[in-house]
């Protein structure tokens, strides 16, 4: 029986009578070189599976249309009820003369930088990230992103940032899982946005957009099968999320002035985490901070560029202790993005402009 079939069976078991801490029929925890250079110890696997622009409504529609692997994550993991991106503006545009340049991260959205660095502000391309921390711990990593926007993320041991279809994007990550023992996998599927024709696409089970999400669900199943074959599925932490929400236009855009652009889907699954649960709130920088905790690596350091003079140069994300069994669902969270949005046009004026968000965050993070 494949792990895909096991997932369907386990989801049914969950809905009927709850779920044990071990998945029904899952293989025993196995080997595979999770670390290099540290005597061959095995680390957990952490998979950041981002689907560009995935919103909660779109995920729910896909599940209702038969997305069994997304359904498994919901039934056996922890869903964030209100998830916020950092600014969904198309690029991080800084003022002229900024230490890191006016576009230190090229054409990557701030949400993508946030899930690497654990920060809300991105004043330079010289920032610490989960890949650098993993390498110091002897954990191999791969970044596979299906667009040239992701060419800037070069700190993983194996890196792809070019125009690719979603299947190729997943297969490249799987290759390094299998052949090189990569245990930190960051996958960004971009092509689903090619099927976007407006917000009605996300809630229509018969739309091409939802049909593409069902294909993405199958790719998630392919990845889970590969993790099981590598003997690490029982020790895998899986994060399913997006780098931003989506706007209300027929074109595939996500301007900061549109509230829905700030609201991606976010869920977590893994050993020791709650099952079939929800937590009230999280932000994208929390993903990097929490992923580092999953891996057992050192805390992230945020900005390491000496020219950056922020009041807080370190991480501003929050460790989501509320995900873990036995912990309260709520935690003390600064809710920077929520506070930013509550300030109205102070944070979101200027259409697709990163600047208002940055100025508000500079006043909040002190």
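Coordinate-derived values only; no laboratory data. Model, not experiment: these values are computed from the prediction. For neighbour counting, all protein chains shown are included, and Cβ atoms are generated from backbone atoms with ideal geometry for every residue, glycine included.
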Checklist entry - What residues from region 222-266 fall in the zone where the backbone N is under 11 Å from a label point 7 Å along the Cα-to-C-beta line of residue 342? => result none
Next on the checklist: Run the helix sum for the chain: -39,500 (n - 2.57) per DSSP H stretch of 4+ residues, divided by residue count, reported at 222 nm to the nearest 500 deg cm²/dmol.
Outcome noted: -10000 deg cm²/dmol
Checklist outcome for this item: Most fluctuating of 141, 207, 85 in the GNM of the chain (C-alpha, under 10 Å) is 207
Checklist entry - When the chain is treated as a GNM, springs tying every alpha-carbon pair under 10 Å, which of 244, 84, 159 comes out with the largest mean-square fluctuation? => result 159
Item to check | Rounded FRET efficiency, nearest 0.05, which uses the C-beta distance separating residue 307 from residue 195 and R0 of 45 Å | outcome: 0.60
Next on the checklist: Run the simple label-point estimate for residue 278 and residue 363 please: 7 Å along Cα→C-beta, distance reported in nm.
Outcome noted: 3.2
Item to check | Model label zone, residue 148; criterion: amide N under 11 Å from point 7 Å along Cα-to-beta-carbon; scope region 124-142 | outcome: none
Checklist entry - Of the labelled options (1) 21.5, 68; (2) 19.2, 60; (3) 20.7, 65, which one gives Rg and Dmax of the Cα atoms in Å as computed for this structure? => result (2)
Checklist entry - Using 0.36 nm per residue, how much length does the chain from residue 349 to residue 165 gain when fully extended, once their Cα-Cα distance is taken away? => result 62.8 nm
Checklist outcome for this item: Here the relative contact order (percent) of region 43-364, from C-alpha pairs under 8 Å and at least 6 apart, is 30
Checklist outcome for this item: In a Gaussian network model of the chain with springs linking alpha carbons closer than 10 Å, the residue among 68, 154, 86 that fluctuates most is 154
Checklist entry - Using a basic spin-label model with each label point 7 Å from the Cα along Cα→Cβ, how many nm lie between residue 98 and residue 57? => result 3.1
Item to check | Antiparallel bridges, percent of DSSP beta bridges restricted to the chain (to nearest 5) | outcome: 25
Checklist outcome for this item: Descending packing, highest mean Cβ count within 10 Å first, for 329-337, 115-123 is 115-123, 329-337
Next on the checklist: Between region 267-343 and region 191-266, what is the separation of their alpha carbon centroids in Å?
Outcome noted: 21
Next on the checklist: If I stretch the segment between residue 211 and residue 250 completely, what's the gain in nm (0.36 nm per residue apart, minus their alpha carbon distance), one decimal?
Outcome noted: 12.3 nm
